[in-house]
Amino acid sequence: MTLMGFLVLLLIAAICGGIGQSLAGYNLGGCLVSIIVGFIGAYIGLWVAGKMGLPDFFTISVDGKPFPIIWAIIGAAIFTFIVALLRRIVSGK
């Protein structure tokens, strides 16, 4: 993977993570956290889609590496919701 391809992939993951956090209604942090949430969301989303037998759709290929946009956003929202719920439980609010 080239440096430009890697930077584009980071940008796509950040956007997907940010959209997922917005859908969940909770912000975990800044740009770096959005990138991490986007990648984690891609894994969670693909796992959920695989368990439910749903197809991959709207996948972008960056330097030959596929990145599932819709599943990343859905997975990021699920991950953000779970983290927000755990933070609320731990803080006692």
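Some notes on this structure:
- Selection count, region 19-42, where residues are in a helix (DSSP H, G or I) and in contact (Cβ under 8 Å) with a residue 24 or more places away in the chain: 12
- Per the conditions (1) touching a strand residue (DSSP E or B) at 6+ places or on another chain (Cβ under 7 Å); (2) modelled with pLDDT of 90 or more, the sole criterion not satisfied by MET1 is (2).
- Residues (outside any helix (DSSP H, G or I) and either touching a Ser or Thr at 6+ places or on another chain (Cβ under 6 Å) or aliphatic (A, V, I, L, M) (or both)) located in region 1-18: MET1
- Matching residues in region 47-93 - criterion: being more than 30 Å from LEU3 (Cα to Cα) and charged (D, E, K, R): LYS51, ARG87, ARG88, LYS93
- Close pairs (6 angstrom Cβ cut-off, 6 or more residues apart or separate chains): under 27 Å from ALA14 (Cα atoms) in region 80-93, of a type outside the set (A, V, I, L, M) and part of a helix (DSSP H, G or I) anywhere: THR80/GLY20; THR80/GLN21
- Of all the listed residues (GLY38, GLY25, GLY53, GLY30), the sole one being closer than 14 Å to ALA72 by Cα and among the small types (Gly, Ala, Ser) is GLY38.
- VAL8, sole failed condition from (1) in contact with a strand residue (DSSP E or B) (Cβ under 6 Å, 6 or more places away or on another chain); (2) buried (at least 18 other Cβ atoms within 10 Å of the Cβ): (2)
- Of all residues in region 60-93, those being outside any strand (DSSP E or B), of a type in the set (Gly, Ala, Ser) and at negative phi number 6.
- Qualifying residue in region 43-65 (condition: surrounded by 14 or more Cβ atoms within 10 Å (Cβ to Cβ), touching a Ser or Thr at 6+ places or on another chain (Cβ under 9 Å) and modelled with pLDDT of 90 or more): no
- Within region 20-39, the set of residues being aliphatic (A, V, I, L, M), under 19 Å from LEU85 (Cβ atoms) and either out of contact with any Gly (no Cβ under 7 Å at 6 or more places or on another chain) or surrounded by fewer than 20 Cβ atoms within 10 Å (Cβ to Cβ) (or both) comprises LEU23, ALA24, LEU28, VAL33, ILE36.
- One residue stands out in region 71-85 among those that are buried (at least 16 other Cβ atoms within 10 Å of the Cβ) and β-branched (Val, Ile, Thr): the one that is farthest from the chain's Cα centre (by Cα), namely VAL83.
The values are calculated or read from the model by the stated rules, or taken from the named source; none is laboratory data. What you see is a predicted model; the values in this text were computed from it and never measured. Reconstructed Cβ throughout: ideal geometry from the backbone, glycine too, with neighbour counts over all protein chains shown.
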